[in-house]
1. In percent, how large is the relative contact order of segment B:286-356, given Cα pairs closer than 8 Å and 6 or more residues apart?
2. Quick check on my link table: of C:Lys105/C:Lys295; A:Lys87/A:Lys253; C:Lys225/C:Lys295; A:Lys105/A:Lys225, which ones sit more than 20 Å apart, alpha carbon to alpha carbon?
3. Averaged per residue, what accessible surface does segment C:207-356 expose to a 1.4 Å probe, in Å²?
4. Among C:Lys91/C:Lys141; A:Lys141/C:Lys305; A:Lys232/C:Lys322, which pairs are too far apart, with a Cα-Cα distance over 26 Å?
5. Considering amide H positions built from the backbone, and no H for Pro or chain starts, which residues 5 or more places from B:Trp329, or on another chain, come under 5 Å of its amide H?
6. If amide hydrogens are placed 1.01 Å from N in the peptide plane, which non-local residues have theirs closer than 5 Å to the one on A:Val214?
7. Which distances, in nm and shortest first, link the B:Glu223 label point to the same label point in every other copy, taking 7 Å along Cα→Cβ?
8. Would you list which aspartates and glutamates come within 13 Å of A:Lys69, measuring only between C-alpha atoms, while excluding same-chain residues fewer than 8 positions from it?
Amino acid sequence: MPDPMSPEGTNSRRAFLRKGAVAALALPTAGILTGCKPAAGDQNANASEHGAAAPAAGPAAAPKSDRAKSDEMDAMHEKGIKAFPAKTEGKGNQLLAPRMVGGVKVFDLTCREVQWEVETGKRVKAWAYNGQVPGPQIRVKEGDRIRMNVKNELPQSTSVHFHGVEMPNNMDGVPFITQPPIKPGESFTYEFTVPNAGSHMYHSHHNAAYQVGVGLLGAFIVEPKDTRNQPKVDVDYVMILNDGAHGYTLNGKSFPCTEPLVAKLGQTLRIRFMNEGMMIHPMHLHGMHMTVIAKDGWDQPAPWKCDTLNIAPGERWDVLVKANNPGTWAFHCHILPHAESEHGMFGMVTALVVQP
Amino acid sequence: MPDPMSPEGTNSRRAFLRKGAVAALALPTAGILTGCKPAAGDQNANASEHGAAAPAAGPAAAPKSDRAKSDEMDAMHEKGIKAFPAKTEGKGNQLLAPRMVGGVKVFDLTCREVQWEVETGKRVKAWAYNGQVPGPQIRVKEGDRIRMNVKNELPQSTSVHFHGVEMPNNMDGVPFITQPPIKPGESFTYEFTVPNAGSHMYHSHHNAAYQVGVGLLGAFIVEPKDTRNQPKVDVDYVMILNDGAHGYTLNGKSFPCTEPLVAKLGQTLRIRFMNEGMMIHPMHLHGMHMTVIAKDGWDQPAPWKCDTLNIAPGERWDVLVKANNPGTWAFHCHILPHAESEHGMFGMVTALVVQP
Amino acid sequence: MPDPMSPEGTNSRRAFLRKGAVAALALPTAGILTGCKPAAGDQNANASEHGAAAPAAGPAAAPKSDRAKSDEMDAMHEKGIKAFPAKTEGKGNQLLAPRMVGGVKVFDLTCREVQWEVETGKRVKAWAYNGQVPGPQIRVKEGDRIRMNVKNELPQSTSVHFHGVEMPNNMDGVPFITQPPIKPGESFTYEFTVPNAGSHMYHSHHNAAYQVGVGLLGAFIVEPKDTRNQPKVDVDYVMILNDGAHGYTLNGKSFPCTEPLVAKLGQTLRIRFMNEGMMIHPMHLHGMHMTVIAKDGWDQPAPWKCDTLNIAPGERWDVLVKANNPGTWAFHCHILPHAESEHGMFGMVTALVVQP
């Protein structure tokens, strides 16, 4: 099943301008790219609130220098928001179509070092699958026979572990327990019949504290054979959290270079959170709640609701969001230092745009 | 619904002495303010265990200097416990009654810098709503029309986000996405019809890693319209966790200056945990279990029991406690360095006093 | 109920060789002690992949020095895996049989300083109950009358708190609230009728951030009176997590000196996770899922499944694992820096061996 977000391709800013933001502009208060007019409820703000020369009157009037510092801070905040979604080179987590070889779905992955633009102008060293961080999104079905050819062009040995998939032991990807490491210049083929459905991951299991932190990770999503109990969704979105060598990222990018989630009013989103980092990240959605339906690919016994979902390293959580509240909504890690500094929002921040 | 704890007012130590501790004194082993007599089960303790001159006999006898150090440590521990609940100036989280204006519940909040006594004699810089840390507790009903006038007397811009409340977009409080920042000396009015019940929060959403850490936060509790499924409780207590600039605090105070929870034997408490910090805090109650009924204001599909509840940043958890075990019970974060040092208990520690 | 793992005694490596690993050797790809032959799915690995002289061909061939570094890293990884389960002196968490005195189950615990071999050749200072880290495992039944004589041979006062047990107040173990501290050279007797079933813990509650970190902790398991709803299990395993002065440990040992879990194909394991540390540890099991049945000793309203279970300080979680996938499976904390470094796997890593 293709990711409904994927048509936006690498051209996400332009696509967003065309589809998301333009619609958002039609909303009374959507301000992502336009700045904010004083909101309906704002009865006191004077017209000059964006100017440094605003008369700071009243008993709490700040001294000029404080006010200048404050305005400078606001300007940095505004700049970040206005830039969103800022363009960067490279897009991770793109759906990888398999080659069919005699009934087997074949995926080719090459591990190599690349420069990865995590934010506009900020390029970092990454170890990537097929040049993407996260690696290509792989979607298969329960019962599929799949083959994954992994070629290691890194200067270090590696291996691939299918996290959450109940593999045959010799395909589990743990060097010296289930296979030899894949040495630089060598290859290894994983082949197996996909046993259990759910939102899973694939990542390095060799020197992994380093290798996963620097980019060797991706989503491995297994659609169930029996889809009768699957929720009907309009948008199926994978959000991979990381906090390694590239800083605080969502799908390999930091705000304002993260990708917005876009839905039309009344649509249902399925969001598949995956934590590939070393820290918890309690993800908070504004404006609407999330209904938690699965943990690590397994249905919860009963769905439950929240607005802040704590996602620990290695965990996957699937939630549904009913897009019933129009507007552009902040969506961020609620460990605030992962999302905001004096220079504005950064890191694990994106937005859910609900188009009217 | 008023907070049953609130009649104690700012005068909490005196009130506790009158109501809680005096009753506690009647318990055989309550030792908070009286020290401990050797307990019934103690068959070996000699009468001089509080004295540095106690004969340290036996095969493991510590050298004099070790024993002196140990006694010194014990004395510091004892001093903290004996001081509890120690008096400080200022009390946060006090219920704020609204003004009624044409059917609208109006709340006035002023943000300003204050000195906040987080522990006896330890004053810290705080940015506070109406001079309180946490800010005043706001309790409204589902469907209420409310207006909150926010005046910014801080040297920095700010905004108010109603965390967990499914707001109209232009009232969501995110600068440059839904409104302009509220500049120093200026005001902003939030007005909306309260959409969803539950234990929510309000806090700054501008430079928030700093502003929330230094005090701009409070409880925003929405009683449901339909109360038929609400549990009947005798004590409704809000416990806000924070770990920012003021250290490890419960409702803005550090042990021994935290407020005890008090209930009579057989009563039911509802505790609304809210984490406004940057770290998880697994809160552990001694002597009784907690029954978890809601997450982020939404009922859990089925209540479940625990004695240690992990609360992540941005999360709210509602629990019930049946006060069926008389005595004074430690109640603390189980990340032990948030609760105890060589100098005794501190930080995120309080007690539940169950009066016979 | 005795721990089915305990017959292995302190002689765990030899026992494992005899029972676990030999069986594992029969598996096609079990490589813990034998190294790995190229796996069935490996179509490209050349025969010399373990040698530094392997021709590093192809477009991504690493320069000689990189390859040498990579091989050196692999060799360190291999050495750790091959050593598992490595022998150390001392075994914690051993079942302590009570003395029966007039219908009372009596346990004697002595707190004293020992040298504890946390990894082969790495001895650390520990404060231990009966010379073990974790202290002896105590298993009693709901309704039992028990007495625990605690003798303090440490240079510092201490106390014992029965974490999760709904004690009479004067037995709760909190110095200056429920009892005086147990001074060096002195003793204290805890006596009570065991009130509530479940996977609980006992540990110091005096200067506890230090004392628990250095070893004063153990499992206190209460079997329910009514066992009709208890799951039938073949292996009942306690896994205590710690991250204090001794580093990242499972039952007091670091990988490769941790103890493997062993089950026969088709058997059911019950694993009782207990976190005595200061950090979360999301424990990830490869190859099979875990069914979560209890939290802090209380049944969950409905069992739920996962492969990565986040365990916070002070929490206990009981899970069932159906050993239906033969092989040797990594089982580790998924905060990767708690489990792997450039020098190989270490810390919070063990394996589940499913024998065919």
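1. After rounding, I find 30 percent.
2. Correct reply: C:Lys105/C:Lys295.
3. Computed with neighbouring chains in place, this is 24 Å² per residue.
4. Going by Cα-Cα distance, A:Lys232/C:Lys322 fall outside the 26 Å limit.
5. B:Leu352, B:Val353, B:Val354
6. A:Ala245
7. Label point to label point, same position, other copies: 5.0, 5.0 nm.
8. Partners within reach: A:Glu342.
The values are calculated or read from the model by the stated rules, or taken from the named source; none is laboratory data. All values derive from a computational prediction rather than experimental measurement. All Cβ positions, even for glycine, are placed from backbone atoms using ideal geometry, and neighbour counts span all protein chains on display. Each accessible area value is taken on the protein alone, full model and side chains, heavy atoms only, with ligands, DNA and RNA left out. Shrake-Rupley method; radii C 1.70, N 1.55, O 1.52, S 1.80 Å.
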